[in-house]
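See below for the structure under consideration.
The values are calculated or read from the model by the stated rules, or taken from the named source; none is laboratory data. For clarity, every value in this text was computed on a predicted model and none was experimentally measured. Neighbour counts are summed over all protein chains in view; Cβ atoms, including those assigned to glycine, are modelled from backbone coordinates with ideal geometry. Keep in mind that these areas ignore ligands, DNA and RNA; they rest on the heavy atoms of the full protein, side chains included. Shrake-Rupley method; radii C 1.70, N 1.55, O 1.52, S 1.80 Å.
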Amino acid sequence: MQQYLDLLNKILTEGTDKSDRTGVGTRSLFGYQMRFDLQKGFPMLTTKRLPFRLIKTELLWFIHGDTNIRYLLEHNNHIWDEWAFEKWVKSSDYHGPDMTDFGIRSTQDEAFNAVYQEQKQQFCERILNDQAFAKRYGELGDVYGKQWRHWETRDGKEIDQLSLLIDQLKNTPDSRRMILSAWNPEDIPNMALPPCHTLSQYYVVDGKLSCQLYQRSGDVFLGVPFNIASYALLTHLLAREVGLEVGEFIHTFGDVHIYNNHFDQVREQLTRTPGELPTLEIADNGRSLFELESDDIQLRNYHPQKSIKAPVAV
């Protein structure tokens, strides 16, 4: 994963300091590409520990077409909590402590952060235990799962892009139209967060499936390692579904950035040496892509260095 460390270093040394939506600020580059040969190992970061359980359950959530965090919470996955919680605390139904600018204040004020974490925990417990509350405040809008599996057409019908992609891979593998898109301009206002990984394209040659992802916005320290592993996993799952081997994962970026409050963590990570990549094991149990469960997907020989924590910009 030296490719990833090279990207971190390039942004840190050559990037431009910019303001951003979250108010935290970033150092940014525009236009960058990394390539990973999936035959040489699964591209899971080894210079810090990543929670593969969260990566695979989030991807299965997308694949199922789900847009409610309740599924994630049932699998102890909290990576989308902040966006649903923000919707709750900004609603007229919320009567707890003031959470104004909670995304920034929680990283700067220890006492406030304790209150924030307590309120968020109560919110998550209510999502799990109150179906009506979950339906209203656990929904993230028309995010990835909706676009992948239930893209709405102007005549009120739906397009299941993922099923169509599988059909193309099986029947027209030389097509240049094997695309999975999450960027639906009409639905952007109805999303908790507009898609960062916007479009992926698939390519078959010599019995191998490759994927190229276009990512409009990449939080390089926190988000991008997840994105690399997620789309590498999706490539493996699609290849398994249609009887192909894996080829390359190609990661192309628009605005790729490091948040200003991640600089120290990035510098620490750049002192570390990448280790051997792990391997992926998917159960041979006859289940289709849409039937797979988290336990069917395992990472083997993953020996990362210790975690490096950093705050999420919301």
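The one condition from (1) open to solvent by 40 Å² or more (accessible area, probe 1.4 Å); (2) out of contact with any Lys or Arg (no Cβ under 6 Å at 6 or more places or on another chain); (3) at pLDDT 95 or above; (4) not in a helix (DSSP H, G or I) that GLN305 does not meet is (2). Pairs linking a residue in region 114-126 that is within 12 Å of PRO97 (Cα to Cα) to a residue that is assigned to a helix (DSSP H, G or I) and of a type in the set (Ser, Thr, Tyr), with Cβ atoms under 6 Å and 6 or more positions apart or on different chains, are TYR116/SER106.
Being in a strand (DSSP E or B) and of a type in the set (Val, Ile, Thr): is that true of VAL266 here? Judged against the criteria, VAL266 is not a match.
Inside region 232-284, residues that are over 21 Å from LEU209 (Cβ atoms) and either in contact with a helix residue (DSSP H, G or I) (Cβ under 7 Å, 6 or more places away or on another chain) or in contact (Cβ under 8 Å) with a residue 60 or more places away in the chain (or both) make up a count of 19. Just one residue in the set GLY275, GLY286 is modelled with pLDDT of 95 or more, open to solvent by 20 Å² or more (accessible area, probe 1.4 Å), assigned to a loop (DSSP other than H, G, I, E, B) and farther than 26 Å from GLY23 by Cβ; that residue is GLY275. In region 163-175 there is no residue that is open to solvent by 70 Å² or more (accessible area, probe 1.4 Å) and under 30 Å from PHE85 (Cβ atoms). Within the span defined as region 182-204, one or more residues are among the aromatic types (Phe, Trp, Tyr) and over 22 Å from LEU289 (Cα atoms). On the stretch given as region 1-41, residues that are open to solvent by less than 50 Å² (accessible area, probe 1.4 Å) and of a type in the set (Asp, Glu) total 1.
Tally the residues that are among the aromatic types (Phe, Trp, Tyr) and either under 18 Å from GLN161 (Cα atoms) or surrounded by 23 or more Cβ atoms within 10 Å (Cβ to Cβ) (or both), restricting the search to region 223-243. The number of residues fulfilling the criteria is 1. A single entry from PHE52, PHE112, PHE42 fulfils the requirement of being farther than 22 Å from ARG149 by Cβ and touching a Lys or Arg at 6+ places or on another chain (Cβ under 6 Å): PHE112.
Only a single criterion out of (1) modelled with pLDDT of 95 or more; (2) within 19 Å of the chain's Cα centre (by Cα); (3) open to solvent by less than 30 Å² (accessible area, probe 1.4 Å) is not satisfied by ALA84, namely (1). Determine, yes or no, whether LEU193 is within 17 Å of the chain's Cα centre (by Cα) and touching a residue at least 60 places away in the same chain (Cβ under 8 Å). Answer is yes for this residue.
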